[in-house]
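Below is one structure; the comments refer to it alone.
The values are calculated or read from the model by the stated rules, or taken from the named source; none is laboratory data. The structure displayed is predicted, hence computed values, not measured ones. Quick reminder, even Gly has a Cβ in these numbers, built from the backbone with ideal geometry, and neighbours come from all protein chains shown. Side chains are part of the model used for accessible areas, which takes the heavy atoms of the whole protein and leaves out ligands, DNA and RNA. Shrake-Rupley method; radii C 1.70, N 1.55, O 1.52, S 1.80 Å.
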Amino acid sequence: MTVDHTRAPVLEALVEYRRAGQLSFTPPGHKQARGADPAVREVLGDAVFMGDVLASGGLDDRLMRRRVLQRAEELMADAVHAEHTFFTTCGSSLSVKAAMLAVAGPHEKLLIGRDAHKSVVAGLVLSGIEPVWVEPRWDAQRGIAHPPSAEDFDKAFRAHPDAQGALITSPTPYGASADLRSVADVCHRRGVPLVVDEAWGAHLPFHADLPTWAMDAGADICVTSIHKMGSGLEQGSVFHLQGDLVPPHLLKMRADLLGTTSPSVLIYAGLDGWRRQMALHGHDLVGDALRLAGEVRSAIEEMDGLHVNDRADFCAPGLADDFDPLPVIIDIAQLGITGYQAADWLREHRVIDAHLTDHRRIGAQLTHGDDEETVQQLLTALKDLTHAAPDLPDAPGVDVPSPSELRMEQALLPRDAFFGPAEEVPVAKAAGRIAAEMITPYPPGIPAILPGERLTEPVLRYLATGHAAGMNLPDAADAELRTIRVTEQHSA
């Protein structure tokens, strides 16, 4: 294929569709906005509906003979140095499940960093894969986890030589990154693939001052959310593939098993347009964002009671290997309030939405979409927060366990625990029982409790005190966390 990154096949096909005046007697039923509710049209605009067409039998013909989507995927692969790229409109939550299913099957082992996103755990529940958890590198002082090291994976492979591969999350939502080259080497010495959940790394291929991109580091499959650090629409995700350890048709089959048969062309268009934008201008756009982030970090560091976690905080022996400065993680412990309080105050009083929130931090995610105006609003709001903090109500304390207390025994396979006979018991009586549900502080979406784990008092206390302090636990069976779902089986 002749590579021309000025082209955008999906966007061009949409323009042609409109120009031809194509008349559709197919879904979607709004018929190019004509049947949409007028109030909805007023809010969303007709452009949304005009771009909402069938992928097959609309954007392309019924047999996809114009290869619109395939050409867009080939251009994306070239832009990020992958051999194959697949688009999905179901977010990286689908992409990572497809990647897992392409590497391991029911009752086969997969090494997984325990700081994995809840979508990985959902993949375990659906697939019946047996997880071999690899411990993150814990910073007990700051109460934060960084990706496991290559040595950690090597040790896990020696204990489980029948593992089919490994999955690591890098960068984390906090910007901490692993030495992916070394982790890939550990896997490839054993002839098994490495899957990287790089949902937060869409921008990494486009600037040398960022952590190494997974494909350049030798990973076999990489999952990327274009809507997080890129400029695609929500749910826009891609997974990339290289090497011969995972056949492309197998990965595509696994994705087809999970994906929708009604993909959103709007999301495809966002992916295609973002690739063109970054292939042509990505280095400059990301460079400007990095410069802006440096200015923002310096300004926040000058504010009383605020500290911006930087490379010196995250990167050291036993901690992270590299660092992305665009997620601006702000430690507010000195203000005497929680991240939950800070985020709520910023939204209510300064119409600012923070991203990450935990017991002592908030996150301000910067991208190439920010500019001097947006960051000035952020800095003004944070300055106002430092003045308002002394007058905020005392927040309940969050009892954060030590790293050793956070880890619980995996007594049953996640699938067996999730689908097996279960009952609900009071949280005060749940210690020692086996969890039949997943409970996840969100964001960042790393489960504190997995199906099949034997519950312990420190973790239950952490969630109870966190919930009382404002922690979001969207997947708990009991939204008030008075009870917890456990298996009827008491021991494995």
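See the values below:
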| item | result |
| --- | --- |
| Under 5 Å, built H, 5+ apart or other chain: amide partners of residue 448 | 439, 440 |
| Dipole magnitude of the stretch 146-272 about its Cα centre (Cβ charges: Lys, Arg +1; Asp, Glu -1), debye to nearest 20 | 200 debye |
| Dipole magnitude of the chain, debye to nearest 20 (Cβ charges: Lys/Arg +1, Asp/Glu -1, about Cα centre) | 1420 debye |
| Unit charges on C-beta of K, R, D, E only; dipole of the stretch 66-162, Debye | 320 debye |
| Area accessible to solvent at residue 475, 1.4 Å probe radius, in Å² | 40 Å² |
| Antiparallel DSSP beta bridges within the chain, percent to nearest 5 | 65 percent |
| Heavy atoms of residue 311 accessible to a 1.4 Å probe, total area in Å² rounded to 10 | 100 Å² |
| Residue-wise HN-Hα coupling along the stretch 328-342, computed from phi with Karplus coefficients 6.51, -1.76, 1.60 (Hz; x: Gly, Pro) | 7, 9, 10, 7, 10, 4, 5, 6, x, 10, 8, x, 5, 5, 4 |
| Solvent-accessible surface ranking, highest first, for 2, 172 at 1.4 angstrom | 2, 172 |
| Packing-based order for 409-420, 372-383, using average beta carbon neighbours within 10 Å, highest first | 409-420, 372-383 |
| Cα centroid separation, the stretch 215-278 to the stretch 303-366 (Å) | 29 Å |
| Length released on extending from residue 419 to residue 61, taking residue separation times 0.36 nm less the Cα-Cα span | 124.7 nm |
| Helix-derived mean residue ellipticity, 222 nm - over the chain, DSSP H n ≥ 4, -39500 (n - 2.57), to 500 | -11500 deg cm²/dmol |
| Ranked packing of 333-343, 20-30, most packed first, by mean Cβ within 10 Å | 333-343, 20-30 |
| Listed residues 267, 354, 338: farthest to the positive end of the dipole of the stretch 253-361 (Cβ charges) | 267 |
| Peptide ranges 116-126, 61-71 listed from the most packed, as the mean C-beta count within 10 angstrom indicates | 116-126, 61-71 |
| Efficiency of FRET from Cβ geometry, residue 489 and residue 260, R₀ 30 Å, rounded to 0.05 | 0.25 |
| Among 248, 199, 215 the positive-end extreme of the charge dipole of the stretch 168-322 (Cβ point charges) | 248 |
| When each of 109/228; 228/252; 118/155; 228/383; 31/118; 228/429 is checked by Cα-Cα distance, pairs over 28 Å | 109/228; 31/118; 228/429 |
| Rounded accessible area of residue 93 (nearest 10 Å², 1.4 Å probe) | 50 Å² |
